[in-house]
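**Q** Here's a structure for you.
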Amino acid sequence: MDLSFTPEEQKFREEIRAWVRENLPQEISHKVHNALELTRDDLQGWARILGKKGWLGYGWPKEFGGPGWTAIQRHLFEEETALAGAPRIIPFGPVMVAPVIMAFGNAEQQKRFLPGIASGEVWWSQGYSEPGSGSDLASVKTKAERKGDKYIVNGQKTWTTLGQHGDWMFNLVRTSNEGKPQTGISFLLLDMKSPGVTVRPIKLLDGSHEVNEVFFDNVEVPAENLIGEENKGWTYAKHLLSHERTNIADVNRAKRELERLKRIAKSEGVYDDQRFRDEIAKLEVDIVALEMMVLRVLSAATSGKNSLDVAGLLKIRGSEIQQRYSELMMLAGGAYSLPLIREAMEAGWQGDFPGGNPALAPLASTFFNMRKTTIYGGSNEVQRNIVAQTVLG
């Protein structure tokens, strides 16, 4: 295993760094570095900039319009954009559904859907979780009944991240109740502007609107929007989830947030406390270990060796690290990190009281939001069972 980068890879890193420095809007990077809320225009604006360069689908092969980068190059791109303060690419289109369309969609579907994903023009949402189907995803009940050349969809999805912005949604729907639950699921692409689709916000503790409920009332979906074969959607769902769980680890964002934690600790005078600095050091060791795990996977892929199925491990460790750095930021800020005032967060203002630091305004919001990371994408308890069965044996 060789974890060092070649001169060619270092040159590639420098090229990415220079391009990002030139093209990333400063107002967006300021928001990212200070955990201020990003608007749809911020997120989609950056997606379009990447799309124009041909880098929004940075993991795509050349045959589908991607740059055809190696696993190492993709990692370096992710690292440089994260450290520069670029928003995390909304994964539902380019990272999650696009590989499914490439692998299992027909040529017509690929020609129809991939260009809009690659350009950043079309916003995709994920229709997986339901009120009674979270970690037990095979129990989905949203029903799609075939009638002629269309499906009639009825049911509900929940925790749909940024679904209020969605143009299209990829859905797991039940097309059969025979046999095991997994054998009756299909993978359907649905236009969210279709009659009968209702999106309702779920307000979070800090008042933000990040997740939604989505209801389907006799929604008509053309049968040509079915990916692959009917009742084979579970296979396609597992293919997609491997991309989601690797993406959730987000080691590069953790490296950026570690530096933010150090800045906050220094500004609040707790960095000189030996015990607090020990906690930062332990976090840094965990981030380095996570990065080593990612690099091991990349090294195996580059050398042609079979790597362990470590998507679950990456998800477990990555999500725990995200919770830990948000907790340490709260501890560094103390009482000044507590107010949950949306206007303060949006304005970067912490209040007219002694010691008020604008950098502390978003901390409570981030801390509470990060409680979800060990639940979504397959709860960590379930992931540990999967790792025990598939990796440890």
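The values are calculated or read from the model by the stated rules, or taken from the named source; none is laboratory data. Because the structure is predicted, anything quoted here is derived from the model rather than measured. Here the Cβ positions follow ideal geometry from the backbone for every residue, glycine too, while neighbour counts run over all protein chains shown. The accessibility values were calculated without ligands, DNA or RNA, using every heavy atom of the protein model including side chains. Shrake-Rupley method; radii C 1.70, N 1.55, O 1.52, S 1.80 Å.
**Q** Could you pull out the residue among 80, 63 that is surrounded by fewer than 17 Cβ atoms within 10 Å (Cβ to Cβ) and among the charged types (D, E, K, R)?
**A** 63
**Q** Do the conditions hold for residue 51, that is, is it buried (at least 17 other Cβ atoms within 10 Å of the Cβ), in contact (Cβ under 8 Å) with a residue 60 or more places away in the chain and touching an Asp or Glu at 6+ places or on another chain (Cβ under 8 Å)?
**A** So residue 51 fits the description; yes.
**Q** Quick check on my filter: what residues within the range 122-138 are open to solvent by 10 Å² or more (accessible area, probe 1.4 Å) and part of a strand (DSSP E or B)?
**A** Correct list: 126, 130.
**Q** Name the single residue, out of those in the range 139-150 being in contact with a Leu (Cβ under 8 Å, 6 or more places away or on another chain) and in a loop (DSSP other than H, G, I, E, B), that is farthest from residue 220 (Cα to Cα).
**A** 140
**Q** Condition first: out of contact with any Pro (no Cβ under 9 Å at 6 or more places or on another chain), surrounded by 16 or more Cβ atoms within 10 Å (Cβ to Cβ) and either on the phi > 0 side of the Ramachandran plot or not polar (S, T, N, Q) (or both). Now tell me which residues in the range 164-187 satisfy that.
**A** 165, 166, 168, 169, 170, 172, 173, 181, 184, 185, 187 - these are the residues of the range 164-187 that are out of contact with any Pro (no Cβ under 9 Å at 6 or more places or on another chain), surrounded by 16 or more Cβ atoms within 10 Å (Cβ to Cβ) and either on the phi > 0 side of the Ramachandran plot or not polar (S, T, N, Q) (or both).
**Q** On to the next question. Suppose we filter the range 212-240 for residues that are surrounded by fewer than 21 Cβ atoms within 10 Å (Cβ to Cβ), at pLDDT 95 or above and under 20 Å from the mean Cα position of the chain (by Cα); how many remain?
**A** Number of matching residues: 1.
**Q** Within the range 268-301, work out how many residues are in contact with a His (Cβ under 7 Å, 6 or more places away or on another chain) and surrounded by fewer than 16 Cβ atoms within 10 Å (Cβ to Cβ).
**A** Residues that pass the stated criteria total 0.
**Q** Same structure again: For a quick check of your reading of the model, give me the residue pairs whose first member lies in the range 188-207 and is surrounded by 15 or more Cβ atoms within 10 Å (Cβ to Cβ), whose second is assigned to a loop (DSSP other than H, G, I, E, B), with beta-carbon atoms closer than 7 Å and at least 6 apart or on different chains.
**A** Within 7 Å, the pairs are 192/166; 192/167; 206/340.
**Q** Right, next: Could we say that residue 97 is crowded, with 20+ Cβ neighbours inside 10 Å, more than 29 Å from residue 295 (Cα to Cα) and of a type in the set (A, V, I, L, M) here?
**A** So residue 97 does not fit the description; no.
Every residue, every condition in (1) within 17 Å of residue 40 (Cα to Cα); (2) in contact (Cβ under 8 Å) with a residue 40 or more places away in the chain, yes or no:
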site	(1), (2)
124	yes, yes
128	no, yes
139	no, yes
145	no, no
154	no, yes
164	yes, yes
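**Q** Oh, and also: Assuming residue 265 fulfils every condition listed in (1) within 30 Å of residue 295 (Cα to Cα); (2) touching a residue at least 60 places away in the same chain (Cβ under 8 Å); (3) surrounded by fewer than 19 Cβ atoms within 10 Å (Cβ to Cβ) apart from one, which condition is it?
**A** For residue 265, the exception is condition (3).
**Q** Kindly list, by first and then second residue, each pair from a residue in the range 168-187 that is in contact (Cβ under 8 Å) with a residue 40 or more places away in the chain to a residue that is in a loop (DSSP other than H, G, I, E, B) and hydrophobic (A, V, I, L, M, F, W, C), limited to pairs with Cβ atoms under 8 Å and residues at least 6 apart or on different chains.
**A** 168/122; 168/123; 168/192; 169/192; 172/140; 173/140; 185/140
**Q** Which one is modelled with the highest pLDDT among residues in the range 13-36 that are open to solvent by 30 Å² or more (accessible area, probe 1.4 Å) and aliphatic (A, V, I, L, M)?
**A** 18
**Q** Which of the residues that make up the range 100-121 are surrounded by fewer than 17 Cβ atoms within 10 Å (Cβ to Cβ) and touching a residue at least 60 places away in the same chain (Cβ under 8 Å)?
**A** Answer for the range 100-121, where residues must be surrounded by fewer than 17 Cβ atoms within 10 Å (Cβ to Cβ) and touching a residue at least 60 places away in the same chain (Cβ under 8 Å): 103, 108, 121.
**Q** Going by the structure shown, is residue 320 modelled with pLDDT of 90 or more, closer than 16 Å to residue 34 by Cα and open to solvent by 30 Å² or more (accessible area, probe 1.4 Å)?
**A** No.
**Q** Which members of the range 176-211 meet the condition of being modelled with pLDDT under 95, farther than 19 Å from residue 146 by Cα and over 23 Å from the mean Cα position of the chain (by Cα)?
**A** Correct list: 180 only.
**Q** Right, something else. Does at least one position in the range 180-203 carry a residue that is under 20 Å from residue 159 (Cβ atoms) and of a type in the set (Gly, Ala, Ser)?
**A** No, there is no match, as no residue in the range 180-203 is under 20 Å from residue 159 (Cβ atoms) and of a type in the set (Gly, Ala, Ser).
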